[in-house]
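Enquirer: One structure is given below, represented as structure tokens, and several questions about it will come after.
Every number here is computed from the coordinates shown, using simple stated rules; none is lab data. Just so we're clear, the structure is a prediction, and the values are computed from it rather than from any experiment. Cβ placement follows ideal geometry from the backbone for every residue including glycine, while neighbour counts extend to all protein chains displayed.
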Amino acid sequence: MAIRRGRGVAAINYPTGMNLGGDPTQALVHSTPTGNFMVTLSSVDLGQGMKQIMAQICAETIGVPTDRVVVDTADTDTGPHCMGTFASRGTHRAGNAVIQAAREARQVMLEVAAEELEVNASDLETDGQGHILVKGAPQKSISIFDVALAAHFKRGRSISGRGMFLIPRSYPEKETGAMKPSTCYAHACTVAEVEVDDETGEVTVLTVKNVFEIGRALNPKMVEQQLVGGSWMGISHALYETTEPYYPNRDHGGTDFNQYLMPGPGDLAQTEIIVLERPSADGPFGAKGPGEMCANPQIPAIANAVFDAVGVRIDTLPITPERILRALKAQASN
Amino acid sequence: MELRKSYFADQRKDDLHEIGQPRPRSDSPGHVTGKTAYFADRNFPGMLYLRMVRSPHHHARIRSIDTSEAQMHPGVVKILTAKDVPHNVYTILILIQIGPEDETVLADGKVRWKGEAVVAVLAETERAAQEAAAKVKIDYEVLPAVFDMEEALKPGAPVVNEYHGRNYYLYDSGECRKVRFGDVEAGFAGADHVLEQTYQSSPIEHAPTETTGCIVAPEGNDRFTCYTNTQAMFFTLDNASIILQMPGNRLHFVGGTVGGGFGGKVDVIVEPIAILGAKLTGRPVSFIYSREEEMQISSPRAAEKVVIKDGVMKDGRIVARKVTGYTDAGAYSRHSPYGAQKGAGHYPGPYTIPNVWIDTYCVYTNRTPSSAMRGFGVTIGDFALEVQMDKLARLIGMDPLEFRFINAYRDGDMKAHRQATEGAALIECMQEASRAANWPVAEKFMAMSSYAKGA
């Protein structure tokens, strides 16, 4: 009886969005009198940070710092339609809608600035710090604060824009299954190292090294929080979780966090995250949706590592000590 | 976390100001100091609490429901049964024309899973609602139940859901969603090895920090404001409008700040009945799942079974792959027909295989209805595919990582669902994993590219 070590690899891809249902999201953007920008959506922030990302996307597009943008979301009396936050679609779909709305608002902003500066709008650029400058003559400039005031109280212009992003529904062809399930895919490759106690069947995940390709890391710190969380969830899915621990007997399902098994902090592996960026053709600044993908590759990587350690295949999730011991016993008797 | 900018540098311009910056989240101070307002932080004078009377049986006919004793319980204001719900038989994907309507808001004549809602009790306090719910008397005739997808698909199995009339979802393509590419049987016939394996999974729980729920307030002008943690505002509003036969302009949904979803909050379960309660009593109504309900009543990830048969050559090429996927929807559709179909579009995984045959089934059993969950239609498929890849590599005596390089898809490769591959990056992920994990592969694999000509 011994502690045995093994490692396993898995490589995957993941579609962004809900093409097979039709996938629209809208956004509205307008400026306040003093040149702050309001993004209005009905998209839902599940805690992953959707509001922050939409603010950064709007800020980048308009050409202002992110703290000049406020996101008002998820009130159906004010926010235009969004399909919802699921299917790794939030950043990709709502982000594209925000870009379109912000571009339209930016164009009005530049037109008002052009009138104030008595130049052509096409000769203007933003400095990203709240000013609009004449290209090649940066001493000639106006603050976005003053442009917004002029638009509201002098020029009678609404600095606002509408955004709509739709992936039309793909209907699978009946006989061949020809379809377009996604317009872009995120990718991952994970290597997991485990120790398996062949006396108790217990698995300890030592390290999980994940490489994720996500199009563009719009906010690297927030990407990290999502990918690390996903990697932990993958460990949990592989080794611990079931609502029916005695299936096909359906009694004794967990009803709280004491009974429903999940890893605690001491059960989590040393986790490494490496991010690659191959911008997608239709993503906001090239972003893809990694929200679901990031919890998938750990599961087969751990299953393969368990085999590498003790030479038995557990092809049913979760990979419990009981299943490992039964497989070892069957292997020994063969 | 490390960003490896050396990959795809020629595919990308890094000239952005706000994007790519690790800006602090503007909402984190509120979250970490407990000041962010979630839906359940709202409290209205005169609010009622809703508790469900749930089926103790997996499959049973309801002979009678007697609410008379519960009605007399102190604090009880209203008791709702199936006849009170204007459009009681519904299905949420009807909004994208995926029918038939197959589920009841409150059970009518029959229950199809243990935990199904039968009677809703509205009372002045949570305790009164719970005590009164225990006094509702329901007479059941227990029916045979089926918990296994194979059993459910056998002739003569008990029919779980009469709205389907058979224990599988009927697609326009027949009993399953199909993908056909090349000639899979010819591929097997010409292969050096053929390996068929079966993979299975258990339902799991989303385990969000915040349980599913809503609070509904009548606005006094015939409008109702629903404070909710749904993941999809208009999807929920529009389904509630159908179930309640109430024009959408009388519904106002407020949400968007949610303590975790993972797909568990896209079923439309709590909002319609709470709005109905508010309408019939004229009072605010709170309906929030307990942790027990979150874990055992709200939809889990579907149990799945995946059978993969592969033909592989000694040189590492996979020449044929046949996948039969089964998704256990439980008693009702919810999002499962979509999940099974998503699986058909995902197989055979990120590999270029000339001969592919995919069948994915959505099967009804008397288990808790499953639905959307992070990665559904794909997560269990990836487990099966990637364990199968490991087995195939070992079968032909090849390194499992090198085996994947040989089969990895690249830009321009035709996928089984007849889309040319674009934006591939699997090879580069594996190259970086090889370095990071100190798992060396042959130099020719390190020189490959997903997109560069000649590499």
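Enquirer: Once the Cβ-Cβ distance between A:LYS154 and A:ASP267 is put in as r, and R0 is 60 Å, what FRET efficiency do you end up with, to the nearest 0.05?
Expert: Values: r = 63 Å, r/R0 = 1.05.
It comes out at approximately 0.40.
Enquirer: Of all beta bridges DSSP finds with both residues in the stretch A:35-171, what is the antiparallel percent, to the nearest 5?
Expert: Numbers: 7 of 12 bridges.
Approximately 60 percent, going by the DSSP bridge assignments.
Enquirer: Here is a further query. By the gyration tensor of its Cα atoms, with a ≥ b ≥ c the square roots of the eigenvalues, what is the shape of the protein assembly as shown: rounded for a/c under 1.5, prolate for a/b over b/c, or oblate?
Expert: Numbers: a/c = 1.78, a/b = 1.04, b/c = 1.72.
Judged from the Cα gyration tensor, the protein assembly as shown comes out oblate (a/c at least 1.5, b/c at or above a/b).
Enquirer: Next up: Test of understanding: given chain A, find the longest segment containing no GluC sites (Glu not before Pro) that are in a DSSP loop and have at most 12 other Cβ atoms within 10 Å. The partial results should precede the final answer.
Expert: Details: sites that count: A:GLU118, A:GLU175, A:GLU199.
The answer is A:200-334.
Enquirer: Same structure again: Taking the Cα of A:THR78, stepping 7 Å toward and past its beta carbon, and measuring to each backbone N in the stretch A:16-31: which are under 17 Å?
Expert: A:26-31
Enquirer: Which whole-number percentage describes the relative contact order of the stretch A:23-167, with Cα contacts under 8 Å and a sequence gap of 6 or more? Intermediate values should be presented prior to the final figure.
Expert: Details: 324 pairs, mean separation 50.5, N = 145.
35 percent.
Enquirer: Could you compute the longest span of chain A free of chymotrypsin sites (Phe, Trp or Tyr not before Pro) located in DSSP loops and having at most 16 other Cβ atoms within 10 Å, not counting the site residues? Please list the in-between numbers first.
Expert: Values: sites that count: A:TYR246, A:PHE257.
That gives A:1-245 as the longest site-free run.
Enquirer: Over the stretch A:178-334, what is the relative contact order in percent, taking alpha-carbon pairs closer than 8 angstrom and at least six residues apart?
Expert: Details: 276 pairs, mean separation 55.5, N = 157.
Relative contact order for the stretch A:178-334 comes out at 35 percent.
Enquirer: Follow-up question, since we're still on this one. Please find the FRET efficiency linking B:ASP411 to B:VAL32, where r is the Cβ-Cβ separation and R0 is fixed at 51 Å, and quote it to the nearest 0.05.
Expert: The calculated FRET efficiency here is 0.75.
Enquirer: According to a simple spin-label model (label point 7 Å from Cα along Cα-to-Cβ), what is the distance in nm between A:LYS140 and B:SER6?
Expert: Simple spin-label model gives 4.7 nm for this pair.
Enquirer: Starting from the Cα of A:THR207, step 7 Å along the direction of its Cβ; do the same at B:LYS444; then give the gap between the two resulting points in nm.
Expert: If labels sit at A:THR207 and B:LYS444, their model points lie 2.9 nm apart.
Enquirer: Please report how far the C-alpha centroid of the stretch B:285-364 lies from that of the stretch A:284-334, rounded to the nearest whole angstrom.
Expert: 17 Å
Enquirer: Give me the extension gain from A:PHE257 to A:MET38: residue separation times 0.36 nm, minus the current Cα-Cα distance, reported in nm with one decimal.
Expert: Difference between extended and current length: 74.9 nm.
Enquirer: So, in chain A, how many Lys pairs have Cα atoms under 18 Å apart, if the pair is 8 or more places apart or on different chains?
Expert: Working: A:LYS51/A:LYS221; A:LYS51/A:LYS288; A:LYS180/A:LYS288; A:LYS209/A:LYS221; A:LYS221/A:LYS288.
So the count of such lysine pairs works out to 5.
Enquirer: On to the next question. State the three equivalent ellipsoid semi-axes of chain B, derived from the C-alpha gyration tensor as the square roots of 5 times its eigenvalues, in descending order and whole Å. Show your work: numbers first, answer last.
Expert: Values: eigenvalues 444, 168, 59 Å².
Ellipsoid semi-axes (Å, largest first): 47, 29, 17.
Enquirer: Output the DSSP H helices from chain A with an along-axis C-alpha extent of no less than 30 Å and a mean Kyte-Doolittle hydropathy no less than 0.0.
Expert: In chain A, the long hydrophobic H runs are A:95-117.
Enquirer: If you average the C-alpha positions of the stretch A:79-96 and of the stretch B:218-236 separately, how far apart do those two centres end up, in angstrom?
Expert: 19 Å
Enquirer: Compute the distance in nm between two label points, each set 7 Å from the Cα along the Cα-to-Cβ direction, one at B:LEU195 and one at B:HIS87.
Expert: Label at B:LEU195, label at B:HIS87, 5.0 nm between them.
Enquirer: Pulled fully out, how much extra length does the chain show between A:LEU166 and A:ALA281, if you take 0.36 nm times their separation in residues and subtract their Cα-Cα distance? Let's see the in-between values first.
Expert: Working: separation 115, 0.36 × 115 = 41.40 nm, distance 1.48 nm.
The span from A:LEU166 to A:ALA281 would gain 39.9 nm if fully extended.
Enquirer: Just add up the charged neighbours of B:CYS429: K/R +1, D/E -1, any other residue whose Cβ is under 14 Å from the Cβ of B:CYS429. Before the final figure, lay out the partial values.
Expert: On the way: positive: A:LYS209, A:ARG278, A:LYS288, B:ARG4, B:ARG404, B:ARG410, B:ARG435; negative: A:GLU213, A:GLU272, A:GLU277, B:GLU2, B:ASP382, B:GLU386, B:GLU428, B:GLU432.
Here the count lands on -1.
Enquirer: Right, something else. Tell me which cysteines of the protein assembly as shown come out unpaired when the rule is another cysteine's Cβ under 4.7 Å.
Expert: Cysteines of the protein assembly as shown left without a disulfide-compatible partner: A:CYS58, A:CYS82, A:CYS184, A:CYS294, B:CYS176, B:CYS214, B:CYS226, B:CYS362.
Enquirer: If r is the Cβ-Cβ distance from B:GLU162 to B:ARG223 and R0 is 41 Å, what FRET efficiency results, to the nearest 0.05? Walk me through the intermediate numbers first.
Expert: Details: r = 36 Å, r/R0 = 0.89.
After rounding, the FRET efficiency stands at 0.65.
Enquirer: Against the globular-protein guess of 2.2 N^0.38 Å, express the Cα radius of gyration of the stretch A:23-167 as a ratio, rounded to two decimals.
Expert: Numbers: Rg = 15.4 Å, N = 145, 2.2 N^0.38 = 14.6 Å.
Normalised Rg, Cα atoms only: 1.06.
Enquirer: For A:SER122, B:SER370, A:SER141, what ranking results if the residue with the fewest other Cβ atoms within 10 Å of its Cβ goes first?
Expert: Details: A:SER122 9, B:SER370 30, A:SER141 17.
With the fewest neighbours first, A:SER122, B:SER370, A:SER141 line up as A:SER122, A:SER141, B:SER370.
Enquirer: Okay, next question. Over what distance in Å are the Cα centres of the stretch A:1-73 and the stretch B:91-113 separated?
Expert: Centre-to-centre distance over Cα atoms comes out at 32 Å.
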